[in-house]
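Below is one structure; the comments refer to it alone.
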Amino acid sequence: MKNRRIRFRGRLSRTWRQHRLLRLAAAAVTLVLPFVVAASSSASAGVNLVVNPGAEQAGPGNFPLCWGKYGYGKNAYSIGTTRKAHSGNRAIQVTISKRSSGDRIVQMLENQSCAPWVAAGHQYNLGVWYMSNTPDAVITVFRHDVKQGWQFWMDLKALPATGKYKYASVLTPRTPPNTDQLSWGVTVYGKGTVITDDYSVVDATVKAGPTACSAGAACTQGVWQVLPFPSPVRTIHAVLMHTGNVLLVAGSGNDPSYFAAGTFMSAVYNPVKGTFQVVPTPDDFFCGGHIQLPDGKVLILGGTLAYPAADGSHGYQGLNTSYIFNPATSSYQRVNDLIDGHWYPSATELGNGDVISFGGLSTTGRGSTVTEYFKYNPGSPSDGEWLPLNEIHESYDYWDLYPAMILMQNGSLFYTGSHVFGSNIKSESDIYDITNILNPGTPAPVTEVPGLQDDPGVMGMDMTDQSMSVLLPPAQSQKVLLAGGGTSNYVLPATPDTDLIDLDSPNPGYTPGPLLPRGKLSNGQLEPASAGKMYVSLVLLPNGMVFETGGGLTNREEPVYEASMYDPATNTFISGMATDPVPRTYHSSAFLLPDGRVMAIGNNPGNGSFDLRISIYTPPYLFRAARPQITSLATPYWTYGSTQQITVNQKIVSAELISPASVTHSSDPSQRFVALPLTVSGNRIGLNVTTNPDIAPAGWYMLFVTNANGVPSVARWVHVNHVAANR
Ligand SMILES: [Cu+2]
């Protein structure tokens, strides 16, 4: 509220009329040129930073979340919502029925969760749909200054009366130095009613602006924003789809009462609109496996057949069913059953578009030794089918729970050693040559890979339980980082160890990497010097860095607050990134959004509770100079070995494809960052697509371009074509 007083003081220093006229005059001058630019650039920048932009999510008093009522002076007014929405079911309505002075406004709440995070020196296109019967309405903008707090910035655009919904937009001037957030709304300062809906704030900076960041700590650490609304489901699995929506899957969500009642849940989250669609969920996908198919549908396999019996007669048991989620219809379709049940199975797309799965607990609750193979067949009604036992080479190895399998560029699978719940089962790391996987009579050699530091680890237990592995950027360099981990036995704190391997070397073996930076515990104390994190998340960013976040000291307790950037080029962790205020340990995930931010979700402490909060991380790169934009794309449909033409609006130094997340239990071993070598001719860029499907398995990818300041564009979705199987 303090900021409001600052604003009022400024206003009251002049007469109302003088003040209003001055502000409108000032605004009119700044508008002329930028307004033209906004129209062409907004489409390609395309990311709306407003939380709850359509006012659909209700907050306290049933008023829209993240929106606040303000105003001053002598006037009779009412502020509320109306069903006369531009989209959805709600819009914001402000009415002044009598007025002798002052104004009324609904604007974005001036706090860390709600007000859009912006960069100093950038320009933003502000948009709103509105209806109005008064000439006295104006777009009013406030800014957060890292040194001086919230303050009135300026009035930007008068809104003429309109009886039908009309779109109004205006480009802000460059935000002043030290600005890190904006808030705005439509001020009503005369008799009448203004209805507003579907607000937007889109970065429309075309020219670079200052390269130096003036947003304080955000410049070097980034910023976390805890969204003001919870996930409607216990998100244990998250899959980013090429629609830009995120499939959030709970199944029974680790709640035995939901399981007993047959209450299984999932939801489609729209991160741009901040809305959720809860979708009917036919089976208990809790702790199943999932991966995108080449056509962008999501293959889901296994899950929970049974929770542990009260009488101790059995433990968790794995489902043998499988479904495909279609992003176009937001529905699940059943496919044929798996050979065995799988609770915590892997799921890896191969270069031919097929999917292979290992591990997990079977229908009887034993470790399943059955390899499952989904033959992708885009022409068939079910997109393909799981093959029967006699068509797969079965090694009858037990590959643990959620074994981290990474597809190598020669088509083999690398089992990194990361897994869940199982200190002493298959603790080593392996390369599995699956060339003959569909010729059951021919050998399919498994070669052990040496060098993991914590194998077998202290007291005979491996410490790669609940570690995370990722194929480092770029995928072409075939280097893998394994970080953290521990044991689920609660005996030892998590390890800070990391291990690195170059899969392209003649005899690949792990070598020790740098230690994870030391974090703080809930009591504010540093964690023990020898300790690290389990359930740490590693997220590939478009600038080629790996964001390391979340995790805990033990299996389901003691969150560790620590985040860093791993730089593959220098093999170092840059410590001291901002930490997620929400604990993220067991059943948590973090992943990249198409706008270059990171979303974190889920946490399931040992007391059985579940944290439904969603956090969004804005990396430091978004507080720097203007983002490059992909201004055109010849086609989003790409083939291997082709050169794809795009145009950009500024000089870029790299282009990359990043696979959309399919993440659970802080693990997404299918993450990949595929470098696209450039052929540059001014602003026209040729992108050279790999010839090797094992480097970039078919499917939808996020295409980013990045400039010399390490600032990425917003992603465009491109589809890398499926090539008919030759296996
Ligand atoms: Cu689980």
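Any read-out appearing in this document is the output of simple, stated calculations on the displayed coordinates, not a laboratory observation. On a predicted model such as this, the values are computed, not experimentally measured, just so you know. Note: ideal-geometry Cβ built from the backbone for every residue, glycine included; neighbour counts use all protein chains shown.
Worth a mention:
- Taking 12 Å as the straight-line reach from the Cα of K166, the aspartates and glutamates in range (excluding those fewer than 8 positions away in the same chain) are D197, D198.
- Whether the stretch 343-447 is rounded, prolate or oblate, judged on the alpha carbon gyration tensor where a/c under 1.5 counts as rounded: prolate
- Packing, taken as the mean count of other beta carbons within 10 Å per residue, orders the peptides 591-597, 288-294 from highest to lowest as 288-294, 591-597.
- Rounded if a/c under 1.5, otherwise prolate or oblate - the stretch 291-414, Cα gyration tensor axes: oblate
- Straight Cα distances below 25 angstrom link K533 to the lysines K426, K479, K520, with same-chain residues fewer than 8 positions distant left out.
- What you get for the chain, charging only the Cβ of Lys and Arg (+1) and of Asp and Glu (-1), is a dipole of about 5740 debye around the Cα centre.
- Magnitude of the charge dipole for the stretch 587-705, about its Cα centre and with charges confined to Cβ atoms of Lys, Arg (+1) and Asp, Glu (-1), is about 380 debye.
- Helix axis angle, 2-12 relative to the chain longest principal axis, alpha carbon, degrees: 20
- Integer Hz, Karplus 6.51/-1.76/1.60 couplings in order for the stretch 271-277, x for Gly and Pro: x, 7, 8, x, 10, 10, 10
- Calculated [222 nm] ellipticity per residue, helices only, for the chain: -2000 deg cm²/dmol; basis is -39500 (n - 2.57) per DSSP H run with n ≥ 4, divided by all residues, nearest 500.
- Residue-by-residue Karplus 3J(HN,Hα) for the stretch 616-633, coefficients 6.51, -1.76, 1.60, Hz, glycine and proline x: 10, 9, 9, x, x, 4, 8, 9, 9, 4, 3, 6, x, 10, 8, 7, 7, 9
- Remark: the stretch 99-108, residue by residue, has Karplus-estimated 3J(HN,Hα) of 8, 10, 7, x, 8, 9, 8, 10, 9, 4 Hz, where x stands for each Gly or Pro and the curve is 6.51 cos²θ - 1.76 cosθ + 1.60 at θ = phi - 60°.
- Spread over its residues, the convex hull of the C-alpha atoms of the stretch 594-727 is 128 Å³ per residue.
- When each of K74/K191; K157/K207; K69/K98 is checked by Cα-Cα distance, pairs over 20 Å: K157/K207
- Cys residues of the chain counted as unpaired, since no other Cys beta-carbon is under 4.7 Å: C287
- Charge dipole (the stretch 82-148, unit charges on Cβ, about Cα centre) - positive-most of G88, W129, Q112: G88
- The stretch 515-627: C-alpha gyration tensor shape, a/c 1.5 cut-off, then a/b vs b/c: oblate
- Protection proxy ranking, highest mean first, for peptides 604-612, 690-698: 690-698, 604-612, where packing is the per-residue count of other beta-carbon atoms within 10 Å, averaged.
- In the chain, taking the dipole from charged Cβ atoms about the Cα centre, the farthest positive-side position among I434, L538, W150 is held by W150.
- The angle between the Cα long axis of helix 16-45 and the main principal axis of the chain comes to about 30°, on a 0 to 90 degree scale.
- Dipole check for the stretch 272-413: with +1 at the C-beta of Lys and Arg, -1 at the C-beta of Asp and Glu, and the Cα centre as origin, the magnitude is about 400 Debye.
- Size-normalised alpha-carbon gyration radius of the chain, reference 2.2 N^0.38 Å: 0.99
- Projecting the Cα atoms of M405, G102, A529 onto the charge dipole of the chain, computed from C-beta unit charges around the Cα centre, puts G102 farthest toward the positive end.
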